[in-house]
Amino acid sequence: MSQPIEALRQLAGDWMGQAAADRPVEETSRKRMRCGFANAMTIDVEDYFQVEAFALTIDRSDWESLPRRVERNTERLLQILAESGVEATFFILGWVAERHPQLVRRVLAEGHELASHGFGHLRVDRQSPEEFRDDVRRAKHVLEDLGGAPVRGYRAPTFSIGGGNKWAHAILAEEGYSYSSSVYPVKHDLYGTPEAPRTPFSPAPGMLEIPLTSVRILGIDMPASGGGYFRLLPYPLTRGLLHYARRVNRSPAVFYLHPWEIDPEQPRQQSAPWKSRFRHYLNLDRTEPRLRRLLRNFNWTRMDRLFLGDERGLFPVIGSWTDRQQASP
């Protein structure tokens, strides 16, 4: 144990040297983005009762009767982003969009990218190809009808596209999506495809997969994309992982957050398993101040502008799932 611990300490010491670079930044210029300094800020818009951790505790048939908090939480995130001068990509659940159409319009009005999180928050690996097609088609139609803007991006609930359902990418392309951000190259009990590339790759003609950011440290694929890890890990460690990932992956980082993660007053699911409650409720009161620090310490922009615009050619696109990037310390 002593050798890995000492290695982590050394790595942490290196990261502390980044403090001088972690100063508040002004609005990101096109020139700086072309130099590769921008990262992708993404928001997965779903409510607290729709998360995978509570899938066995809260029945889907009860969703309609539960108090919804997604609108107020998402509006709070929009305010935080506006104060920081950051435009982001919002992967919105079709179920949420139907019930809060004004939220979809506000996201677009404030300059953010509108993208799809599917319709019913169904894991892709639990759907047939036909069911998946119906879900992503319905979500796209709802979002585009409400927003009046094309929807090019998709993120699978619980990052549930992996080696066992590669057919999903072809369906997304056929349904008019341009990119997906649904693969997480880590090992986790609920998701993860460790063998996948860590940088953007083309899994099907006309489709770009932009994985969530991870980095290999001490033989382990470490997540560096936010979510529960953003609440679990001390902020300096998250900041260090993002700096390190940018350096070794040579690609922009992709960060994600849920609106319910800034809501410590949300209803508590006391009947849920202990592990699920720990994951969901840990440090909810610390998320907003950490997010504000993150927005100051790094430059952020929308997924489409970073990966589908003029800047895309600067970042490596790997041809297949098997061409795993060998970027390690």
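The values are calculated or read from the model by the stated rules, or taken from the named source; none is laboratory data. Computed from a predicted structure; not experimentally measured. For neighbour counting, all protein chains shown are included, and Cβ atoms are generated from backbone atoms with ideal geometry for every residue, glycine included.
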**Asked** Restricting attention to segment 163-172, does a residue exist that is without any contact (Cβ under 8 Å) to a residue 40 or more places away in the chain and out of contact with any helix residue (DSSP H, G or I) (no Cβ under 7 Å at 6 or more places or on another chain)?
**Response** yes
**Item:** Condition broken by TYR177, with the remaining ones in (1) under 18 Å from VAL104 (Cβ atoms); (2) in a helix (DSSP H, G or I) satisfied
**Value:** (2)
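From the list SER202, SER178, SER116, SER128, pick out the single residue that is over 30 Å from ARG76 (Cα atoms), of a type in the set (Ser, Thr, Tyr) and touching a residue at least 60 places away in the same chain (Cβ under 8 Å).
SER202
I'd like to check something: does segment 296-317 contain any residue that is within 30 Å of LEU56 (Cα to Cα) and at pLDDT 90 or above?
Looking through segment 296-317, none of the residues is within 30 Å of LEU56 (Cα to Cα) and at pLDDT 90 or above.
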**Asked** Does segment 67-79 hold any residues that are over 14 Å from TRP95 (Cα atoms) and out of contact with any strand residue (DSSP E or B) (no Cβ under 7 Å at 6 or more places or on another chain), and which are they?
**Response** PRO67, ARG72, ASN73, GLU75, ARG76, LEU78, GLN79
**Item:** Any pair with Cβ under 6 angstrom, 6 or more apart, that starts in segment 87-103 at a residue that is within 14 Å of ARG69 (Cα to Cα) and ends at one that is of a type in the set (Gly, Ala, Ser) and part of a loop (DSSP other than H, G, I, E, B)
**Value:** TRP95/GLY120
**Prompt:** All but one of (1) closer than 23 Å to THR158 by Cα; (2) assigned to a helix (DSSP H, G or I) hold for ARG246; which doesn't?
**Reply:** (1)
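One line per residue, one yes/no per condition, for (1) among the small types (Gly, Ala, Ser); (2) within 18 Å of MET41 (Cβ to Cβ):
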{"residue": "GLN79", "(1), (2)": "no, yes"}
{"residue": "GLU87", "(1), (2)": "no, yes"}
{"residue": "PHE91", "(1), (2)": "no, yes"}
{"residue": "ALA97", "(1), (2)": "yes, no"}
{"residue": "GLN102", "(1), (2)": "no, no"}
{"residue": "GLY111", "(1), (2)": "yes, yes"}
{"residue": "ARG123", "(1), (2)": "no, no"}
{"residue": "ARG137", "(1), (2)": "no, no"}
**Request:** For segment 176-213, name all the residues that are surrounded by fewer than 19 Cβ atoms within 10 Å (Cβ to Cβ) and charged (D, E, K, R).
**Result:** LYS187, ASP189, GLU195
**Fill in**
Checked against (1) modelled with pLDDT of 95 or more; (2) among the small types (Gly, Ala, Ser); (3) farther than 24 Å from PRO236 by Cβ, GLY85 satisfies every condition except (3)
**Message:** Yes or no: segment 186-194 includes at least one residue that is of a type in the set (Phe, Trp, Tyr) and within 26 Å of LYS275 (Cα to Cα).
**Reply:** yes
**Request:** Filter segment 260-309 down to residues that are surrounded by fewer than 18 Cβ atoms within 10 Å (Cβ to Cβ), at negative phi and not in a helix (DSSP H, G or I), then give me how many there are.
**Result:** 9
**Prompt:** Which residues, counting only those in segment 127-154, are in contact with a Leu (Cβ under 9 Å, 6 or more places away or on another chain), surrounded by 17 or more Cβ atoms within 10 Å (Cβ to Cβ) and not in a helix (DSSP H, G or I)?
**Reply:** VAL151, ARG152, GLY153, TYR154
**Search result, residues across segment 145-171 that are closer than 25 Å to PRO101 by Cβ and out of contact with any Gly (no Cβ under 9 Å at 6 or more places or on another chain)** = ASP145, LEU146, GLY147, GLY148, ALA149, GLY153
